[in-house]
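The structure appears right after this line, and notes come after that.
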Amino acid sequence: MGRRDIELQTNKVYGHDVVADAEGPSTAHQISSDSWFQVGFILTTGINSAYVLGYSGTVMVPLGWTGGVVGLVLATIISLYANALIAHLHEYGGQRHIRYRDLAGYIYGKKAYSLTWALQYINLFMINTGYIILAGSALKATYVLFRDDGLLKLPYCIAIAGLVCAMFAICIPHLSALGIWLGFSTVFSLIYIIISFLLSLKDGLHSPPRDYKIPGEGFSKVFTIIGASANLVFAFNTGMLPEIQATIRQPVVKNMMNALYFQFTAGVLPLYLVAFTGYWAYGSSTSVYLLNSVNGPVWVKATANITAFLQSVIALHIFASPMYEFLDTKYGIKGSALNVKNMSFRIVVRGGYLAFNTFVSAFLPFLGDFMSLTGAISTFPLTFILANHMYLKAKEEKLTSSQKLWHWFNIGFFSIMSILATIAALRLIAVDSKTYHVFADV
């Protein structure tokens, strides 16, 4: 299938044909150009981003050993299952659906298209907010290692991080153009993962017995546990699988499944290693940013923080790419990335988008709370509720009664979890906002 054929096919939305514009492609970004291995690395970059430095404190601490270990393993299995459902619908109806909203619109209609796009936008915006908070936290942690004078506060570090993210977004036109940067991202990830693991292991071996009691009492403890369940699903899911699958070569379903198997086997091991070792070493006192808990040579900790900062910049670009693709396609940005018009567009539009993202990050810099809220209001609906219902509707005639019941059970269960986790996350943000203040230096 040639690119022209794909472009014509992807103009079919909402269950009926749309006459394609012969002059303009359906997307300004590249599709069908990447191997499954490169796509697997993109997915692995997402789950082993600097967010892994937060799971000891945001997942293991509120859930404890039993809940944390079982929860992470179950989240891995159900996330693979849910993503596989979406991957198998990529060519539903004999055509490719290169955007999540296109797939929903084809199955349900125009209203679902708009609702899915809104959910996805919220999901990706909040993930990117977290990345900017992470990058800012890494910068501040680096500064404190050399000068703990309180002059360079977290909001300033977040502003610097946002500027660097904007510069990177301007220079890299689309997802497939990441190329060698994925290699750098992998190296950066390995550095801070290995350092955090070794320093946590050293501290754990030389520390007195730790307290692993789940913090909180009564309803406060219940809300914290529910919020942590949203962090579990947040850890493994992108909310943009069709957009990533659009970059993969034919056969798209088989290759995407290879990429998913890579992500959910070899790809999850570093996450497990850091999350479990960090919690083992520091118990319920583990920081939400693990590198704030570890002890070791200044230059080693500085290296880990700097690589976490750089990797966050690259990872943010992955999760911002659906918004960039939407804007580039809408305004006809195509051709050379160095074209004056294209470069100016990226400076103004991407720069403006990330400026707003950065403002929100500095305004409410509560990383764990944003992870919980993102998982609750967007990851649960997009990855679990919608995926099961879309598959049920698309394959209804081929499913047995027991299979249909299974999908309805998933829809009901994850809907309840989404509601409860949203309430818990909003409560956590309200509590933290009272404890600290806006533009807090946490």
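The values are calculated or read from the model by the stated rules, or taken from the named source; none is laboratory data. Being a predicted model, the structure only gives us computed values, none of them experimental. Cβ atoms come from the backbone with ideal geometry, glycine included; neighbour counts cover every protein chain shown. For the accessible areas, the whole protein counts, side chains as well, though only heavy atoms, and no ligand, DNA or RNA atoms are used. Shrake-Rupley method; radii C 1.70, N 1.55, O 1.52, S 1.80 Å.
Consider the range 99-115. How many of its residues are of a type outside the set (D, E, K, R), touching a residue at least 24 places away in the same chain (Cβ under 8 Å) and open to solvent by 10 Å² or more (accessible area, probe 1.4 Å)?
5
Restricting to the range 185-219, name every residue that is loosely packed, with under 15 Cβ neighbours inside 10 Å and under 20 Å from the mean Cα position of the chain (by Cα).
Of everything in the range 185-219, those that are loosely packed, with under 15 Cβ neighbours inside 10 Å and under 20 Å from the mean Cα position of the chain (by Cα) turn out to be V187, L190.
In the list G179, G136, G183, G162, which residue meets the criterion of being under 27 Å from V294 (Cβ atoms), modelled with pLDDT under 90 and of a type outside the set (F, W, Y)?
G183
So which residues in the range 204-227 are under 25 Å from I47 (Cβ atoms) and assigned to a helix (DSSP H, G or I)?
Across the range 204-227, the qualifying residues are G204, T224, I225, I226, G227.
Residues to consider are I347, I429; find the one that is in contact with a helix residue (DSSP H, G or I) (Cβ under 8 Å, 6 or more places away or on another chain), at pLDDT below 90, β-branched (V, I, T) and over 30 Å from N292 (Cβ atoms).
I347
Restricting attention to helices (runs of 4 or more DSSP H) lying wholly within the range 228-320, give those where 3 or more residues are modelled with pLDDT of 95 or more and farther than 18 Å from T44 by Cβ.
Here the list reads 269-282.
Pairs, please: C-beta under 9 Å, at least 6 apart or cross-chain, first residue more than 15 Å from G227 (Cβ to Cβ) and in the range 64-78, second open to solvent by 60 Å² or more (accessible area, probe 1.4 Å) and not in a helix (DSSP H, G or I)?
From residues that are more than 15 Å from G227 (Cβ to Cβ), the pairs are W65/Y212.
Quick one: which residue in G68, G40 is at pLDDT 90 or above and open to solvent by less than 10 Å² (accessible area, probe 1.4 Å)?
Selected residue: G68, the only one of G68, G40 that is at pLDDT 90 or above and open to solvent by less than 10 Å² (accessible area, probe 1.4 Å).
Considering only the range 340-374, how many residues are of a type in the set (K, R) and buried (at least 18 other Cβ atoms within 10 Å of the Cβ)?
Result for the range 340-374: 2.
Go through T265, T303, T307 for me and flag whichever is open to solvent by 40 Å² or more (accessible area, probe 1.4 Å), within 22 Å of the chain's Cα centre (by Cα) and among the polar types (S, T, N, Q).
T265
May I ask you to verify whether G130 is assigned to a helix (DSSP H, G or I) and at positive phi?
The answer is no for G130.
Only residues in the range 175-191 that are under 15 Å from N305 (Cα atoms) count as the first member; pair them with residues that are surrounded by fewer than 18 Cβ atoms within 10 Å (Cβ to Cβ), Cβ under 8 angstrom, at least 6 apart or cross-chain, and list the lot.
From the range 175-191, the pairs are I191/T303.
Is it the case, given these coordinates, that K110 is out of contact with any Asp or Glu (no Cβ under 7 Å at 6 or more places or on another chain), within 30 Å of G93 (Cα to Cα) and of a type in the set (K, R)?
The answer is yes for K110.
Would you check if there is a residue in the range 73-95 being farther than 28 Å from V187 by Cβ, in a loop (DSSP other than H, G, I, E, B), open to solvent by less than 20 Å² (accessible area, probe 1.4 Å) and not polar (S, T, N, Q)?
Yes; the residues of the range 73-95 include at least one that is farther than 28 Å from V187 by Cβ, in a loop (DSSP other than H, G, I, E, B), open to solvent by less than 20 Å² (accessible area, probe 1.4 Å) and not polar (S, T, N, Q).
Can you tell which of I377, I423 is of a type in the set (A, V, I, L, M) and open to solvent by 70 Å² or more (accessible area, probe 1.4 Å)?
I423
Please pick out the residue among I122, I132, I158 that is in contact with a helix residue (DSSP H, G or I) (Cβ under 7 Å, 6 or more places away or on another chain), under 26 Å from A235 (Cβ atoms) and surrounded by fewer than 18 Cβ atoms within 10 Å (Cβ to Cβ).
I122
Is it the case that some residue within the range 14-27 is among the β-branched types (V, I, T), open to solvent by 20 Å² or more (accessible area, probe 1.4 Å) and modelled with pLDDT under 90?
yes
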